[in-house]
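Worksheet: one structure, shown below.
The values are calculated or read from the model by the stated rules, or taken from the named source; none is laboratory data. Keep in mind that this is a model prediction, so the values were computed, not measured. Note that each Cβ is placed from the backbone with ideal geometry, even for glycine, and that neighbours are counted across all protein chains shown.
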Amino acid sequence: MTSLADRPVVLGVCSAIYGIFATLSIYYGYKGTHTDPTDPIIYVQRKLKAEGKAYINNYEENPHECQPCKANVSTLAKHCSICNRCVNNFDHHCKWLNNCVGTENYTDFLCLVVSIWLCTVLHTATDITMLVAFYTPVQHVADAHIRLYCKTLYTEFTIFLIHQVLLILMD
């Protein structure tokens, strides 16, 4: 195996792919955090109340009233005690996004999970490739690594990579 420094195209493509996945993770994380998953019926009721009009409940089969919100909500809505709001089609409160996941941001949440998973897979593959490259008996590569890292640092870096791969695989 040769060093990736000898293959700038492969290095550039891998870097670009990782950059795309990282950018998607940041984008969907931001979007999932800043999207309001509150049941839209609540906003309609608040607007009508501010205008002095009455709200007509269209959920005659299963009317559902949220006591903390003091509003009629859809039957799939659930009140989140952490956010203090009713979320349409409530899935869970995500502590990483500091936001509830519901109908409004569920797709963003799934895209975030997939993009982070792809980053993790690419990162793990890179770590494993580095470990294989370190222990492949190609003399000029091994000599370059030993010159770059002294024996102690070489061993510490190898232990660190093995530890990182194991932690990623255990999650």
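At-a-glance table
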item	result
Any hit, the stretch 79-95, residues being touching a strand residue (DSSP E or B) at 6+ places or on another chain (Cβ under 7 Å) and under 30 Å from residue 126 (Cβ atoms)	yes
Residue check for residue 98: modelled with pLDDT under 90 and under 15 Å from the mean Cα position of the chain (by Cα)	yes
Answer from 89, 99, 84 - the residue that is closer than 19 Å to residue 29 by Cα and either crowded, with 19+ Cβ neighbours inside 10 Å or not aromatic (Phe, Trp, Tyr) (or both)	99
Residue count for the stretch 18-58, restricted to those that are of a type in the set (Val, Ile, Thr) and at pLDDT 90 or above	5
